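Contents: one structure, followed by commentary.
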Amino acid sequence: MKSAAKAMQAEEIAETGAHQIRDAIREAIVERRLSPGTKLSESDVGNLFNVSRTLARAALQALSYEGLVSVEKNRGAFVAYPSPDEARQIFSARRLVEPGILREAAARITADDIRNLRELLQEEGRLMSERGQTARRAEIKASGDFHLMLAEISGNAIMQRFMEELVARSSLVIALYGQSTASSCGHSEHGDIISAIEDNELDRACQLMLHHIAHIESDLDLRERKSLGLKEAFEL
């Protein structure tokens, strides 16, 4: 009986460790510290987090289920490289999901929640005025955190997890196809959405959210490109 309990405890510890690694890698993807196509070998991940290759493999497998990591036979794991069609599907999913999350959040939102959202926007605005890669990464994270905070306020844990995946996959898409160096998420648009929620104008808040998602997507260059041969590539 004791051995069974110990085995169960060891399994729970291993699962927690794999989840922590998964979350850390996901955050690095959201902040664009890990670019699409980056190799993630089990040994390197294990050494970095001081865990066994088994735990590293479990974390990478979990990320592959979320579409953030691609596991290729005989080659290993890589940060996913979404196609233009996948990119469109990601933003289509956001347009379907986020207005619903917003309505659920608005039904439960408190004065403290509004204050926390406003504080997040203040921090995002402060980071926008700073220069350097560290500030830029923090700004990107704060921008995504706005959407994640709304999902948390909604009280729907399933949708919150789904939004974590969508925000991370959006970050991959923006890293690949984004055309500007501007924030990946309109700061002023976040403020307008909060104001509409405060004024209990939910239809307007949802329209603002849809416009906001369209704004992010409009900065992407998702045109199909014809692959050139070696000779043609150097004749350009």
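The values are calculated or read from the model by the stated rules, or taken from the named source; none is laboratory data. Treat the numbers as computed from the prediction; the structure is a model and nothing was measured. When we count neighbours, we look across all protein chains shown, and the Cβ atoms used for this are built from the backbone with ideal geometry, even at glycine. Just so you know, the surface numbers come from the protein's heavy atoms only, side chains and all, with ligands and any DNA or RNA stripped out. Shrake-Rupley method; radii C 1.70, N 1.55, O 1.52, S 1.80 Å.
Laid out as a table, the results:
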quantity	calculated
Segment 19-96: trypsin sites (Lys or Arg not before Pro) falling in loop per DSSP and having at most 16 other Cβ within 10 Å	33, 73, 75
Accessible solvent surface per residue of segment 75-114, calculated while the other protein chains remain in place, 1.4 angstrom probe, Å²	49 Å²
Amide H partners (placed H, <5 Å) of residue 69, local residues excluded	64, 80
Segment 86-137 - Debye-derived log10 I(q)/I(0), Cα point model, q = 0.15, 0.24 Å⁻¹	-0.70, -0.87
Qualifying GluC sites (Glu not before Pro) in segment 110-164, DSSP loop, other Cβ atoms within 10 Å at most 14	130
Loop trypsin sites (Lys or Arg not before Pro), segment 118-222, which have at most 14 other Cβ atoms in a 10 Å radius of their Cβ (DSSP)	131
Ellipsoid semi-axes in whole angstrom, largest first, where each is sqrt(5λ) of the Cα gyration tensor of segment 57-212	28, 19, 14
Backbone HN-Hα couplings from phi across segment 49-54 [Karplus 6.51/-1.76/1.60, Hz, Gly and Pro as x]	9, 6, 10, 6, 5, 4
